[in-house]
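Here the structure is laid out as structure tokens; the discussion comes afterwards.
The values are calculated or read from the model by the stated rules, or taken from the named source; none is laboratory data. Here the structure is a predicted model, which is why all the values come from computation and not from measurement. Cβ placement follows ideal geometry from the backbone for every residue including glycine, while neighbour counts extend to all protein chains displayed.
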Amino acid sequence: MFGGIAKLNAKPGMKGDLLEFLRWDVEVSRLEPGTLRFDVWLDPADDDSVILYETYVDLDAFKVHQAAAPFKKFMAEIVPNMVVTVSFIVPFGSSYVSVADSPD
């Protein structure tokens, strides 16, 4: 499994627009083969932040996600216009073990 967790800090007044985009992104991600989770969490400690939790069956599935329209829009438009910072709580990489893994 491949994935990571990122924290997005919205620019002042932009959190609503960021959440609207992420809601659409989640809907599109449901249709991507190999996407296991694409969750958006509100940060209870910071009103301007959201947490993204993404997991994919493998690196190739993540590359499919990166090639899709939402990811391209996220990088080209959303991050520059709506986000102050992106920090990685768990950098993207391969998991060691998970309940989502198939038992051998």
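Brief remarks follow.
Yes/no per residue for (1) modelled with pLDDT under 95; (2) under 16 Å from residue 14 (Cβ atoms); (3) over 12 Å from the mean Cα position of the chain (by Cα):
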residue: 50; (1), (2), (3): no, yes, no
residue: 69; (1), (2), (3): yes, no, yes
residue: 90; (1), (2), (3): no, no, no
residue: 93; (1), (2), (3): no, no, yes
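- Each residue in region 2-41 was checked for being within 18 Å of residue 72 (Cβ to Cβ) and aromatic (Phe, Trp, Tyr), and 3 of them qualify.
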